[in-house]
Amino acid sequence: MLANRLPWEIVETLPFTDRALIDSWDRRVEAAASVEERVIGLVGRALARYWAPAVGATAESWEVTAQRRHDDIDLALGLARDGGDADLIATASLGRLYATWGPPEPIGRRVVLDELERLRPSVADQELRIRIVEWQVLDRFDAGDLAGVRRWIDAFLAEAAGVDSKLFARREVLWRANLEMLEGDLDEAVRLNEEAIASTADLAGSPFSFQNVAITMAIATFFRKGLADVLDAIRSIRASSPRVEANWDVGLAFALSEVGELVEARARFDELARDRFAAVPRDLNWLVSMQLLGLIALNLDDRERAVHLLDELRPYAMLDGTHGSGYASYGPVGRVVGLLAASVGADDEAASWFDFVLTSRDPGPWTSLTRLDRATSRAHADPAGALADADRAEEELRRFGLDARADAARALAVRIRLDGHGGPVARLSGGTWTLTHPSGRADVRDGVGVRYLCRLLRHPGERVDVVDLDERIDPSLPRESVVEPSIDRGAQAAYRRRLVELEGMPVRTRQLDAEREFLLKELAGAAHPAAASREIEKARVRVTAAVRRAVAAISDASPGLGEHLATSVETGRRCSYQPRDGIAWRVES
């Protein structure tokens, strides 16, 4: 089989590359006695050269070696097309994908894949057919097309039917792990990675595949804002991975910048940024590395390099940053391009890329972060839109279990509301409540009265028993035995004065007698303090006084807001907030 005579895996997983391997393929090219042997030799040599500069197997630069690989593949493809054999054309075309893996290859890859898909039914070699489908899976991951990923995974399983290969089985599990991550089940993504690698630990390529687990765990930890916990692990992997040393340098610098270790992050970023990021080879990891470098520039507020990284990433903004053959995702490149554009004042471009991500990608943690990014970027220019984005981002992030990210979305929404947008809000911070309403804004010290008040503000129209407000009272006291006075003291005094008047009238009528009976009955019902719990009565007095003090303090700070509350808040045995508009306050404490 053709594929068995080619080191396809050397590009992605096998760590072995040396001068002897390249020399052996040189000899095969020179000794080729047929078109088939020459095509295989050229493709094999291109694959063997892929990592040569990174491991010191050649003194040539990455750029020179890359051109040699391109030349070998161009020659192999020309010979294969002249021969017209489907397997040879597929071999050379797959060689194009593997041996030139890196920028700008993802942009024009679909043309190669379309040709390979047309060829696939005519290709006799099963492994070639399987690899064609593998690249279709990766291409759909890069496009953020998760439905397409699922269809091509099914096609992969059909094409690989009957092949007893743990490596192929591992690919499927790792793809499904990436899907779980993209859809928001972080724990399942990590579990599937660990399962896949544990089941193939004794196979070639497994040392590199261990990094798939590390990368997946790092992404999950990033989502949960816990990268400080994996800094040592990143340092260790970086030290043991010379072939992709620059990529792990980027990963370490990013983690440092995320957790606030800005001095070391800056030093590492400066090293990577020399000569316009020449230290980052344009290999299969280039795009994800540049994504992270863009985020580092933002964390370090490095505007000059942000401009350069924006220029580098813009051509790839419609893609996702995918690790390996689709085993993990660094999210939409458009999100990072949007953030970079916003940081340099290109607000319209930023908005267009955020919109693109949110309308072209399936819902998941990355789109929720993009929504939060869009909210942050337009908080001043479009507070209503930003508030809607922040509220929705919080809801989505909580659903994914990303509470720290959700808290950030919530804090942004509160700030926007405190600026007077999106309805009334009360927020406790540092011992001070800030209350913002269309009628005014007030800052008052924390206290039980404000807390009682905020409980009412959160639920307009709801009558709340003082027993539920006052924490000092025993909640087990029997409420149903309490008889609350039906009229207040002022009304009682007025009723008594009227009774005196009635008693002094010289003429009695049926109407006056009925009025007298009514007043006597009302006063009798109001005169049962013994039937009311003394503790509950004390609570009523405490709550009423505390709420009134809070409203008075708010009035001192904002007469308009104070007047609104004074006319909308009712106290007594049952307290309530009865605004005319019926709008609830958002309370943050």
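The values are calculated or read from the model by the stated rules, or taken from the named source; none is laboratory data. Given the structure is predicted, the values throughout are model-derived calculations rather than measurements. Counting neighbours? That spans all protein chains shown, and the Cβs are built from the backbone with ideal geometry, glycine included. What goes into the accessible areas is simple: the full protein's heavy atoms, side chains included, and nothing from ligands, DNA or RNA. Shrake-Rupley method; radii C 1.70, N 1.55, O 1.52, S 1.80 Å.
Checked against the criterion of being surrounded by fewer than 24 Cβ atoms within 10 Å (Cβ to Cβ), among the hydrophobic types (A, V, I, L, M, F, W, C) and under 38 Å from the mean Cα position of the chain (by Cα), the candidates Ala66, Ala33 yield just one match: Ala66.
For segment 202-215, the criterion of being closer than 18 Å to Ser289 by Cβ and either outside any helix (DSSP H, G or I) or modelled with pLDDT of 90 or more (or both) is met by at least one residue. Among the conditions (1) of a type outside the set (Gly, Ala, Ser); (2) in contact with a Gly (Cβ under 8 Å, 6 or more places away or on another chain); (3) more than 19 Å from Pro103 (Cα to Cα), the only one that Leu309 does not satisfy is (3). Entry remark, segment 170-201: residues being open to solvent by 50 Å² or more (accessible area, probe 1.4 Å) and either at pLDDT below 90 or basic (Lys, Arg) (or both) number 7 in total. Here Arg314 meets each of (1) basic (Lys, Arg); (2) closer than 30 Å to Ser439 by Cβ; (3) without any contact (Cβ under 8 Å) to a residue 24 or more places away in the chain with one exception, condition (2).
The rows are residues; the columns are (1) of a type outside the set (A, V, I, L, M); (2) in contact with a strand residue (DSSP E or B) (Cβ under 6 Å, 6 or more places away or on another chain); (3) within 20 Å of Gly144 (Cβ to Cβ).
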position	(1), (2), (3)
Ala86	no, no, no
Tyr98	yes, no, no
Trp101	yes, no, yes
Gly108	yes, no, yes
Glu115	yes, no, no
Ser122	yes, no, no
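Selection within segment 298-319: residues that are open to solvent by less than 60 Å² (accessible area, probe 1.4 Å) and outside any helix (DSSP H, G or I). The member of this set that is nearest to Gly251 (Cα to Cα) is Leu300. Would you say Ile536 is open to solvent by less than 70 Å² (accessible area, probe 1.4 Å), more than 30 Å from Gly423 (Cβ to Cβ) and at pLDDT 70 or above? Considered against the rule, which asks whether it is open to solvent by less than 70 Å² (accessible area, probe 1.4 Å), more than 30 Å from Gly423 (Cβ to Cβ) and at pLDDT 70 or above, Ile536 comes out as yes.
Filtering segment 489-528 to residues that are of a type in the set (Gly, Ala, Ser), closer than 18 Å to Gly572 by Cα and modelled with pLDDT under 70 leaves Gly525, Ala526, Ala527.
Going by the conditions given, is Asp446 modelled with pLDDT of 95 or more, surrounded by fewer than 18 Cβ atoms within 10 Å (Cβ to Cβ) and either within 32 Å of the chain's Cα centre (by Cα) or not basic (Lys, Arg) (or both)? Give the derivation first.
Numbers: modelled with pLDDT of 95 or more: yes; surrounded by fewer than 18 Cβ atoms within 10 Å (Cβ to Cβ): yes; either within 32 Å of the chain's Cα centre (by Cα) or not basic (Lys, Arg) (or both): yes.
When the stated conditions are applied, Asp446 passes them.
For segment 269-297, filtering for residues that are closer than 13 Å to His308 by Cβ, of a type outside the set (Lys, Arg) and outside any loop (DSSP other than H, G, I, E, B) leaves 10. Open to solvent by 20 Å² or more (accessible area, probe 1.4 Å), in a helix (DSSP H, G or I) and in contact (Cβ under 8 Å) with a residue 12 or more places away in the chain - does that describe any residue in segment 324-334? No. Inside segment 282-294, residues that are at pLDDT below 95 and touching an Asp or Glu at 6+ places or on another chain (Cβ under 9 Å) make up a count of 2. Condition check for Ala406 on (1) farther than 30 Å from Val569 by Cα; (2) open to solvent by 10 Å² or more (accessible area, probe 1.4 Å); (3) without any contact (Cβ under 8 Å) to a residue 24 or more places away in the chain: one failure, at (2).
Taking the criterion of being open to solvent by 60 Å² or more (accessible area, probe 1.4 Å), more than 17 Å from Gly338 (Cβ to Cβ) and not in a helix (DSSP H, G or I), the only residue of segment 363-403 that qualifies is Pro363.
Of the residues Ala255, Ala297, Ala267, Ala278, the single one that is farther than 25 Å from Trp135 by Cβ and at pLDDT below 95 is Ala278.
Ala350 fulfils the conditions (1) over 29 Å from Ala147 (Cα atoms); (2) open to solvent by less than 50 Å² (accessible area, probe 1.4 Å) except for a single criterion, (1).
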